[in-house]
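What follows is calculated from the coordinates using simple rules that are stated; it is not laboratory data. None of these values were measured; they are calculated from a predicted model. Positions of Cβ are generated from backbone atoms using ideal geometry, with glycine treated the same way; all protein chains shown enter the neighbour counts.
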């Protein structure tokens, strides 16, 4: 299966490596405005460099497109794939603007192509196991859901400035995870936050520490806690309370080695970096996309999921700015 | 040291047992409107039964008073102790009504007696260790605080009806814990909840599943999650994130025995009942009161703490009812 | 119930405190060759000091005797209690010499008194739970048993010199635990060891690091690992493998507080001292003795148990010295 | 780098997959007496099938040989590689007969080829981390080492019969691990065992449950516990006690998901199968061999290591049979 990669940055390289390791897929072409980046990546995996996205997508034998460019070009790239009727995988978010997303999704729908959104955490083995056991009724009816998601350190300021704010950049993953697990849509949301980690983030109009509380029509409560700093590592945990018990998914540990010393019992801290933490998730995500292409079926995470998470992020942005709960019909 | 116990119910019995085990204290008299309860308790510990609280409090040699009666009589009992200038220990809450509490505290202040409030969790060895290590700067500056507090099952409906609602009855402990750990007062609060456990609770105008989000003037975020049902036991945990790391206090385990079977690795669930979970806390709390009496000093948890936790519970009640954030100056 | 305490040293003080806390027991008299020690202990608990053991044991109303004197006087004290037909609790070991033990047990048997041996670990809640779950068949048929028992640091050299060697002093507890759990007697044993912790121990003819391997008639394997040094605390663990799974009992943790820092995840180390680790076990052990006295029944751990553990310790001493397996019929 | 695979069975397939995933290596040829097995494997990875080992090893461009045939042909295959001066990787054990091994190693030495032995556990990330931290002095001087190694279930009886017995087949891995960690050679050994899992194993003259105790010249103690049955999974753990503390390496857990129910807290059991448990170790092991070939250097685990582990296994076999400790000079 010939795949085209648009964007040869950090996340593009992750997917290129997954394609190389996959027995059914081949990286055909790489496109990037940063030509040397495209060339280096293409050379590593025996792909060719193509100058324009359109030339690459419309190339002979292309079966699928991966969009790993900067967020502001996602819609354009998706629409390009739609025009040439190629299944497309796009990194989150589709766009920072809901109206642009809606227009894009309409075009996708008309074209009939499969659009998969890169909410990689759904493919993490720990969270997936939790979801399956929840669905299997292991804790009865879900009542409270806590999602902890903390980055080890803030991203560079130039990234913060174009990120759309913490809710659209970081919490959006957790909004998707909430929807994945809740089994009903949140109908109301309250968000609040502070700038405690880096004053520069505050000057840029953003926050770095936040809490979001959501409720569904059925009264289920969900809260998401984010921080741009957790010096002990990339902290990604979920806790689900139900009528029949609790399920927790914790942080994996690089090794099982424990040391007992005169001072304490010490064990490994969580992986520091998201690429390390979600290595398996990225592989499983790419595998899903390859199956989607091969079987011509709808993906497990589609454009509507991308849209719904963005709508929650938008509501959280408003709730935090106006210090009031926001209804999702608002 | 001669102590008088007002109220021979469940919590009164806990304190009577602690007094009996304490090398410096003696249970002199027990008072309860339920005379047989008073008699049985008095007989067990060699105390006498006295008909009226006033007679007991004013008795010869009385050095301290424990108020373990129903909430609606707390103020009356505290004021009685104030009148006779006896140090008094009172179970939480002082009252469900802030104005009555304010009036009572004024009288206490005038009398000069020590008033200690029964926020037992401050004396739990796990939470106390967490507080001390937080204060020692082990995680730098505190940024986020999570308090998990779930009962294994709802109290009887007759109790729910007079409890003042989940925030004044159950969350009040967590409000005190938040103040104990935050090191600054919450200035704003948002509370929400659902009735998911028992429809009867909803019919009584209360909720059984709730979330409270608070922020301090310094921007620290704190959230409290409560449920009236956790079938795996009495779930009491704290997690504090700071600029320099995280401290967690989990549930203790009755035994360290683990079993590895064909199905899973299984270990003990948390203690089911609060008396079991907080056995050590109740002993340490009583010890603090005995030291307060002996040394004539102010208690670690006083009437102002009781008042502050109630004010937060009042604000949470309003926030949940009116679906809006509430400022603590409101 | 009036109890007499022979020996006011460290372990005597532990039992005196348990008696004081017990609702059914009273410390009547204390005897110690170190008169000031006896006086201080007696004063603390309202007991009287008696000059001779015989005067104390034969005193009016005495219902039970606790022997906490030095090992070389245990037999004499047990026989004294037998003469006056008082139930007796004796710290381990009965004696270092098997023949003296046999002669003593004959006298005890003739007298008909109850003799309980202070193998306190049988009363530890963790090990007791493991034993009950093993007996309940949770892991099918037991096949391998590991007992880990390490002291935080070596005892004083003057103690080492009269201790009878590591197997009779330290491993004896583990031999009893093995018998408690195996459900069959060991029939063969191999012991080996080194002097790695303190050269002085070696000069005294003893070892400080040892391994004992035992097998029962039914082929069950059991091994005991001891060290006189575990700088992280008092390490006491058991692991039982059976046809249907595994049961493990680990070290308890003083608090549940965990810290995640830039370096590692750290939690509490085990209790450092045996009095702390086995506090509950000592209370439960004394409670058993009080029930034995009250009900006139045989104790859970009797003289034959004391004899059997000593016989294994003797065999281990020979095995290690002669570098060969020893059969228990030897 | 062109590699030749001799043996297309279970472990051969593991290495073939690692070669395919490796950026620097290519599977050139596969040899197996079971021609269809060789063909299926060759087809999967684009290799050719060669009829004789000699033809494959002597083929043009061959840079390294992997020996994954049955144990009784290992020596022949190693010597073949030596003849053609190709670096060779051989699965453990080299042979069941020490004299044959010695003769083979002499030929290897003369030829100057690199011989790497497949003690895969040295490459497990958990055990490797433990080894590195031990070597870094984290627990001071090593005093006791425990190696737990239990299979989930016995192998087929036809395998047991040609395996050379539990010590040469199963414990041999642990003997290598002991040598890897101890830092000194064991000088004395005592082994014992029982047939508790399957009577057929006993009838074949073997045991299924065993204990080995070893001591080094420096007095360090090491014990290895094996069982052919651990119904909870593949149990592989190490515990090292030193003068400065303890290091433990436990079993990894497939997911971090924990469930709290009315009955217990349950988490994942260890992986059931060795291929799953040691997946990373097999990859790292193959990577080491590829580096050995590329750099023309000596491997981390060589023929002398294979010989030493076998000698310990031989000594254990004698010790268990004759019920006596065996000195390694014997």
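If you find the alpha carbon centre of region D:9-35 and of region A:1-51, how far apart are they in angstrom?
27
Can you give the average number of partner chain beta-carbon atoms within 10 Å of each beta-carbon in peptide D:200-212, as a whole number? Please report the intermediate quantities before stating the final value.
Details: counts 0, 0, 1, 0, 0, 0, 0, 1, 1, 7, 2, 10, 1.
Taking the mean over all residues of the peptide, I get 2.
On a 0 to 90 degree scale, rounded to 10, what angle separates helix B:303-322 from the longest Cα axis of chain B?
That helix lies at roughly 50 degrees to the long axis.
Which order do the peptides D:45-52, D:298-305, A:189-196 take when ranked by the mean count of other beta-carbon atoms within 10 Å per residue, highest first? Can you show the working numbers first?
Numbers: D:45-52: 15.9, D:298-305: 18.5, A:189-196: 24.5.
Taking the mean over residues of other Cβ atoms within 10 Å, the ranking is A:189-196, D:298-305, D:45-52.
Hey, what did region B:2-113 get for relative contact order, percent, Cα under 8 Å, at least 6 apart? The partial results should precede the final answer.
Numbers: 192 pairs, mean separation 27.9, N = 112.
Answer for region B:2-113 is 25 percent.
So what is the relative contact order of chain A, in percent, for Cα pairs below 8 Å that sit 6 or more residues apart? Don't skip to the end; give the middle numbers.
Working: 662 pairs, mean separation 64.2, N = 330.
In percent, rounded to a whole number, it is 19.
Taking the Cβ of each residue in A:24, D:13 as the centre, tally the other Cβ atoms inside 10 Å and list the residues starting with the fewest.
In order of increasing Cβ crowding within 10 Å: A:24, D:13.
Express in whole angstrom the spacing between the alpha-carbon centres of region D:284-330 and region C:141-220.
Cα centres, region D:284-330 to region C:141-220: 31 Å.
At 0.36 nm per residue, minus the direct Cα-Cα distance, what do residue B:136 and residue B:70 gain on full extension? Give it in nm, one decimal, please.
Numbers: separation 66, 0.36 × 66 = 23.76 nm, distance 3.83 nm.
Once the chain is fully extended between residue B:136 and residue B:70, it gains 19.9 nm.
Nearest 10 degrees, 0 to 90: what angle lies between the long axis of helix A:125-135 and the longest principal axis of chain A (Cα atoms)?
Taking Cα atoms only, the helix is inclined about 70 degrees.
Per-residue mean of other chain beta-carbon atoms within 10 angstrom of the beta-carbon, peptide D:223-234?
Working: counts 6, 0, 7, 1, 6, 0, 5, 7, 12, 12, 4, 0.
Mean inter-chain Cβ contacts per residue within 10 Å come to 5.
On a 0 to 90 degree scale, rounded to 10, what angle separates helix C:10-21 from the longest Cα axis of chain C?
Result, in degrees: 70.
What is the distance in Å between the Cα centres of region A:78-118 and region D:105-140?
52
Would the protein assembly as shown count as rounded, prolate or oblate if I go by the C-alpha gyration tensor, calling it rounded below 1.5 in a/c and otherwise prolate when a/b exceeds b/c, oblate otherwise? Walk me through the numbers on the way to the answer.
Values: a/c = 2.63, a/b = 1.11, b/c = 2.37.
The shape class here is oblate.
Which of C:257, C:88, C:75 moves the most in a Gaussian network model of chain C with Cα springs under 10 Å?
Of C:257, C:88, C:75, the Gaussian network model singles out C:257 as fluctuating most.
Out of the DSSP beta bridges found with both residues in the protein assembly as shown, what percent are antiparallel (nearest 5)? Provide the component values of the computation, followed by the final result.
Numbers: 158 of 258 bridges.
In the protein assembly as shown, DSSP labels about 60 percent of beta bridges as antiparallel.
With a ≥ b ≥ c taken as the square roots of the eigenvalues of the C-alpha gyration tensor of region D:2-113, please select rounded if a/c is under 1.5 and otherwise prolate if a/b is larger than b/c or oblate if it is not? Kindly include the intermediate steps, with their values, before the conclusion.
Working: a/c = 1.90, a/b = 1.53, b/c = 1.24.
Prolate.
Give the average, rounded to an integer, of partner chain Cβ atoms located within 10 angstrom of each Cβ in D:180-190. Can you show the working numbers first?
Numbers: counts 0, 0, 0, 0, 0, 0, 0, 0, 2, 0, 9.
Mean number of neighbouring Cβ atoms from other chains: 1.
What residue among A:147, A:318, A:290 shows peak mean-square fluctuation when chain A is described by a Gaussian network model with Cα springs under 10 Å?
So, out of A:147, A:318, A:290, the one fluctuating most is A:318.
Under 10 Å, Cα contacts only: if you run a Gaussian network model on chain B, which one of B:155, B:23, B:186 comes out with the highest mean-square fluctuation?
Highest fluctuation of the listed residues: B:23.
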